[in-house]
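Here's the structure, in C-alpha cells; my notes come after.
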C-alpha cells in the first residue's frame, strides 16, 4: 500500500527548473497551500518559498524546488523522496515531533477563528454556525465542544475553498484556519480574524539531511535575527 502511495506521489511531484548550473543544491519539498507555497498563474510563490530562497543563499546552495501535495507528509513517504527538507506551514505539534526531525522553528502560528466582517459575535460558539474541513482539527474541536454538552452548529466541507465561498455568501458564520493563513484570507476577502487563538504553535521545517541541518539552522537563526522572515510574512498577510 505504501509503495502504491509513493509511486502516485512521485508522479505528482513537480520539479521547477533553475536557470543556472551549480554543484550544490538545497532540495526543498514544498507542501502546497496558500499563503505558504502556491501557484499564481504560472508562477510558484509563497511565504515558505521566499524564506527558503534566502536560506539557500545563506548556505551558498542553489534552491531546487519540489512541489508536493500535502498528503506527502508521511514518515514512510518523506524518507523515500531524497530531499533535504520539507516545508509548508507545518505545525510543530507534540505528535509530529515524535514522527519527524524538526529544525529551528521560524514562525509563530496556531489555530484561529475567522468570521464574516458583518457579524457581531459575542464569542460563544453556540451562537453561530461553523464551517469545518472534514478530518481537520476544526472539526475535531467542534465535536469535542458538542461532546462536552455544548450545542454548536456546523457544516462539514471537503476543501477550504468551499468554506471561504460559504462564508462570503453567508451560509456559515465562522471557520477555523491556521493563523497565518487566516490573516492572508482575511486580507484577500475582507473577513475578520478573532484575536483569541484556539491554540498557539511553532512552524518549522522537517529535516531529512542530518549533515546539512546545523548549517540550515544557523541560516534560519540569522534570518530571524535580521527580521527578514517577519518581513516576508508581512508582505503576504500585512501586520503580523
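Rule-based calculations on the coordinates, nothing more; no lab input. Not measured: the values here are computed from a predicted model. All Cβ positions, even for glycine, are placed from backbone atoms using ideal geometry, and neighbour counts span all protein chains on display.
Assuming a viscosity of 0.890 mPa s and a temperature of 25 °C, what translational diffusion coefficient in µm² per second does Stokes-Einstein assign to segment 109-200, Rh being the Kirkwood radius over Cα pairs? Walk me through the intermediate numbers first.
Details: Rh = 12.9 Å.
Estimated diffusion coefficient is 190 µm²/s.
As a length-normalised measure over Cα pairs under 8 Å and 6 or more apart, the relative contact order of segment 109-200 settles at 51 percent. Could you work out how far the C-alpha centroid of segment 25-78 sits from that of segment 137-195, in angstrom? Segment 25-78 and segment 137-195 have Cα centres spaced 26 Å from each other.
Summary value for the chain: 26 percent relative contact order, contacts being C-alpha pairs under 8 angstrom separated by 6+ residues.
For the chain, the extents of the C-alpha atoms along the principal axes are 59, 44, 34 Å, listed from largest to smallest.
As a test of the definition: which semi-axes, in Å, follow for segment 170-240 when you take the square root of five times each eigenvalue of its alpha carbon gyration tensor? Largest first, please. Could you put the intermediate results ahead of the total?
Values: eigenvalues 189, 44, 20 Å².
Ellipsoid half-lengths, sorted descending, are 31, 15, 10 Å.
Ranked by the mean number of other Cβ atoms within 10 Å per residue, highest first, peptides 58-67, 43-52 order as 43-52, 58-67. Across segment 149-240, Cα pairs under 8 Å and at least six residues apart give a relative contact order of 24 percent. Measure nothing but the geometry: give the 0 to 90° angle between the long axis through the Cα atoms of 47-59 and the longest principal axis through the Cα atoms of the chain, rounded to 10°. The helix 47-59 is inclined about 20 degrees to the chain.
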